[in-house]
Structures are given as structure tokens and as C-alpha cells.
Amino acid sequence: MARRYFGTDGIRGRVGTAPITPDFVMRLGFAAGRVLAGGARADGHSRVLIGKDTRVSGYMLEAALECGLSAAGIDVLLCGPLPTPGVAYLTRALRLQAGIVISASHNPFEDNGIKFFAADGGKLADAMEAAIEVELDRPMACRASRELGKARRVDDAQGRYIEFCKSTFPADLDLRGLRIVVDSAHGAAYQIAPNVLHELGADVISIGDKPNGFNINEACGATAPDLLARTVLAERAHLGIALDGDADRLIMCDQHGVVHDGDQLLYVIVRDRHLESAVAGVAGTLMTNLALERALGAMNIAFERARVGDRYVLELMQARGWMYGGENSGHIICLDRHTTGDGMVSALQVLAALVRGGHGLAEAAAPVELFPQRLINLRVDQPGALLEAPGVEAACREARAVLGARGRILLRPSGTEPVLRVMVEGEDRAEVDALAEGLASTLRDLARARAE
């Protein structure tokens, strides 16, 4: 059954426009509460944690969720701003029935979203999301007063998560002598990331740490790493770390101001682990750069691609019994450290590899020299339907004939917006750009013809 509200990573959209409205989010809380009530404790109440990032709309949506959950008889724990993986950790550590994050991740402040975690700290199962959608179609009826849920604050949530992050770094190592810039994107990790690094011994320069409700991800963080690179050079730092608004993405910068993406950072982690104990395989996505696949192959490590989205990477990892996977966007999953992708935990794994190997980031990431990749986003109605239009397959076939075995072409509809993503990857930058632009132009013409 097709899902109406849940995308690849929860429910997301522009605040004030359906479905991200107070009335819908209240009904969503009630529907989720009805589904989660089956895991009630001895006192008859399930418990759910709500965390959020720093968007101004988080206050409104938090109140709406709390109202809906309470009306369904669910006890609510509120932790305020906390990274998405921090909510996943606390959900598991506190033995809760679920965790909910109010965040639109790397999107601008005008957007927001709702993500769910199961009791084990993993993504909520498809069946649970489907059950919540069914409940959304039913009337909302408040439980009797005696059965309503209560709410309380978790005052030590940030401290608990900081200690968890530190626990994923080897006890026999530290970060003394390293000067590190950390950009928290004015997001959920602004009070956490600098403290984690400082407590492990680093000299920390913190930027993107002054959220005002409106500046999350604004010209900073993992999706805009130029600020990080400039600051690393200006401060003569050894490296830089950039997170996104909810701190589940990681991008890093070396001492020369060169930015390294998720593919390169995943390689640094996996190579370090492989030197200690053989790594069987690594999961990537359709967007993973060919350079990572070839570098892993040189170490006899298997590699497979999942659909784009950390949810699908995780599913592939679990199906194969693998510990490591990720996306070039910076979602990196180390199942030997956490149940979900975690920007801060991933950064610590990279730092551990650098300290243990005595290398700088530039040297450690050098074997993954990224192939030129061009991504063009076409805003079109029904991007999935456009892929089936006459002429699309022929255009792709012609482009692939030019590339041969020297590259890849990928067309895929976005899971969150009416956009068709056109990606071309190859060995020659000029050829890649020409093919991508030509293919995008053909697709625009086909979309226009369909609309007339």
C-alpha cells in the first residue's frame, strides 16, 4: 500500500502547509500513540521521547505532538534540542516505546518534519508507519481524564548523549594536540559537538553555534562547508568538522581547506577497521562515487548499492550482516557504535583512525580520488511518470554509449519534493558536464511536451 504521508525519512514539508500544520501534527501524535499503546508498561502507559532541532517552529510542533500523545494515553518525555541520533540513543537507553524527532535535517528553517525511532533505537518499521497512517483516518477521541498521559522534562539528555559519544572513541586515545574547527550549523548539536571534542582533549574552535530559530543550515554546516574550509585556514587548524541541522550528517575539511565528503570519510573509517579485523562488506547508494567502490575492491571488501536514503543503506547492511555503510551526503552508519547514522560519532571514528595511524585527513583520504560527478535537479510535475515517457530510455542509452565503462548515469525522482535528479559520473569533467546538461535539456523538453 502506497504511503500518503511518510517519505523515506519521516514526514517533512513547509511549516503551515499540509501536512506540517499544528492540527495534523496533533492528530499524528494521537495516531502514533494509538499504535504505540500496545507496548504499555505495568502502569498502563507507554513512554515516548520528543526531541527537536533549533527551528522556531519546533516549539509549536512539540506542543502539538505532546497534546496528541497525551490524549492517546502516552507519557511524554521532552528533551529539547538534541541531535536525531541522540534521540535514537536515549530511546534505547531509557527503555522507551519510541522516540520522535522534530526536524527537517539539512533543509532551511521554513521547513520542518517528524521522524520516528523504534524502541531499539532503529528506524520505525514500515508496518508501524502504515499502521499510523491507518489511524490518521480514524476520528480522534481523547482518553478519559484518568487515562491521559503525563509529560516531564529530561534535564540531563544532553549530558547523557555527550557521554555516549565519548564512549565510542577508543579509551586509549585522545585528541590532545589537535586544533579542530567544528560547525554545528546553528542546529541541534550546537551545545554538544564542541563539548565532546573539548572533553576528549582537542583545542576547539566552534562556529555555527548561535541558533536563533531562523539561521539553521544558513550558509553553514555540512551542506555549505565553505565557511568551515575558510575557518580552518584562518585558524590554522588541523581539520574541520561540519554537521547538519539535526547532526546526522558529517562532512570534514583537511588542514589545506579541502572538503572531504561522506564517501571519503567512510573509506577512512573502514580502512582503519579493516587493518584491525577484516571487513566483509560495505553498503553505499546509487549516488556513491565509483572511486570508493574501486578503493574498497582493492582491499577485497565487497560493496553493494542501495536506493538513496540512509534507511535503505541500513536495510542492506542488516540483510548482509555488514557493520558499515553510508552516503556521499555524509550519512555514515557504524553499527558497531550506534543503531543509526550519527554525525558526531562518525567524526570520532575518523579522528580515531587519524590518531591511530598518525596521518592527516588529506593523506588518509587520498586513495579515494573522487570521479567528477554532475547532479542536476529538474523541478517537474510527477517526476516518476516522466521516467516512463517515450524518449527517456533512448536518451539515456545514447549517453551511456558515450561513457561506456568509464562512468555511470542515474535518473531518480526525489523522495521529498517534485524533482527529478539527473546524475552523470565519469573520468573526464568536461565530458560529464556535457552529458549531464544534454540529458537534462532533453528531459526538460520531454516534460514540457507532456504538459502541453
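The values are calculated or read from the model by the stated rules, or taken from the named source; none is laboratory data. Keep in mind the model is a prediction, meaning the values are calculated, not measured. So basically every Cβ, Gly included, is an ideal-geometry build from the backbone, and we count neighbours across all protein chains shown. Protein only, heavy atoms only, side chains kept; ligands, DNA and RNA dropped before computing areas. Shrake-Rupley method; radii C 1.70, N 1.55, O 1.52, S 1.80 Å.
What the table shows:
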| quantity | calculated |
| --- | --- |
| Pairs with Cβ under 7 Å, 6+ apart, first in region 428-452 and closer than 16 Å to E393 by Cα, second of a type in the set (D, E, K, R) | A436/R374 |
| From E417, E427, E437, residue being at pLDDT below 90, surrounded by fewer than 15 Cβ atoms within 10 Å (Cβ to Cβ) and out of contact with any Ser or Thr (no Cβ under 6 Å at 6 or more places or on another chain) | E417 |
| Residues being under 17 Å from C67 (Cα atoms), surrounded by fewer than 17 Cβ atoms within 10 Å (Cβ to Cβ) and of a type in the set (V, I, T) - total across region 125-143 | 0 |
| Those residues of region 440-452 which are of a type in the set (A, V, I, L, M, F, W, C) and at pLDDT 90 or above, in sequence order | A440, L443 |
| Region 294-333, subset of a type in the set (D, E, K, R) and out of contact with any helix residue (DSSP H, G or I) (no Cβ under 9 Å at 6 or more places or on another chain), residue modelled with the highest pLDDT | R320 |
| Residue ranges of helices (runs of 4 or more DSSP H) in region 329-405 with at least 3 members crowded, with 21+ Cβ neighbours inside 10 Å | 343-357, 361-365 |
| Residues satisfying the stated conditions in region 144-198, i.e. open to solvent by less than 70 Å² (accessible area, probe 1.4 Å), in contact with a helix residue (DSSP H, G or I) (Cβ under 8 Å, 6 or more places away or on another chain) and over 30 Å from R230 (Cβ atoms) | L148, G149, A151, V154, A157, F164, P170 |
| Candidates D53, D111 - the one that is more than 23 Å from H338 (Cα to Cα) and buried (at least 21 other Cβ atoms within 10 Å of the Cβ) | D111 |
| Which listed residue, of V101, V76, is within 24 Å of A144 (Cα to Cα) and either touching a Cys at 6+ places or on another chain (Cβ under 9 Å) or among the β-branched types (V, I, T) (or both) | V76 |
| Residue selected from region 412-439 under the condition among the hydrophobic types (A, V, I, L, M, F, W, C) and out of contact with any helix residue (DSSP H, G or I) (no Cβ under 7 Å at 6 or more places or on another chain), by the criterion farthest from V380 (Cα to Cα) | A430 |
| Residue that is surrounded by the fewest Cβ atoms within 10 Å (Cβ to Cβ), among those in region 213-224 that are free of Cβ contacts under 8 Å to residues at least 60 places away in the same chain and either among the acidic types (D, E) or at negative phi (or both) | A224 |
| Qualifying residue in region 40-47 (condition: modelled with pLDDT of 95 or more, under 20 Å from R95 (Cβ atoms) and either in contact with a strand residue (DSSP E or B) (Cβ under 8 Å, 6 or more places away or on another chain) or open to solvent by 30 Å² or more (accessible area, probe 1.4 Å) (or both)) | yes |
| Test set (1) in contact (Cβ under 8 Å) with a residue 40 or more places away in the chain; (2) out of contact with any strand residue (DSSP E or B) (no Cβ under 6 Å at 6 or more places or on another chain); (3) of a type outside the set (G, A, S); (4) more than 17 Å from R397 (Cβ to Cβ) - L420 fails condition number | (2) |
| So A202, is it out of contact with any helix residue (DSSP H, G or I) (no Cβ under 8 Å at 6 or more places or on another chain), among the aliphatic types (A, V, I, L, M) and free of Cβ contacts under 8 Å to residues at least 12 places away in the same chain | no |
| Residue ranges of strands (runs of 3 or more DSSP E) in region 109-207 with at least 3 members within 25 Å of G33 (Cβ to Cβ) | 111-118, 151-153 |
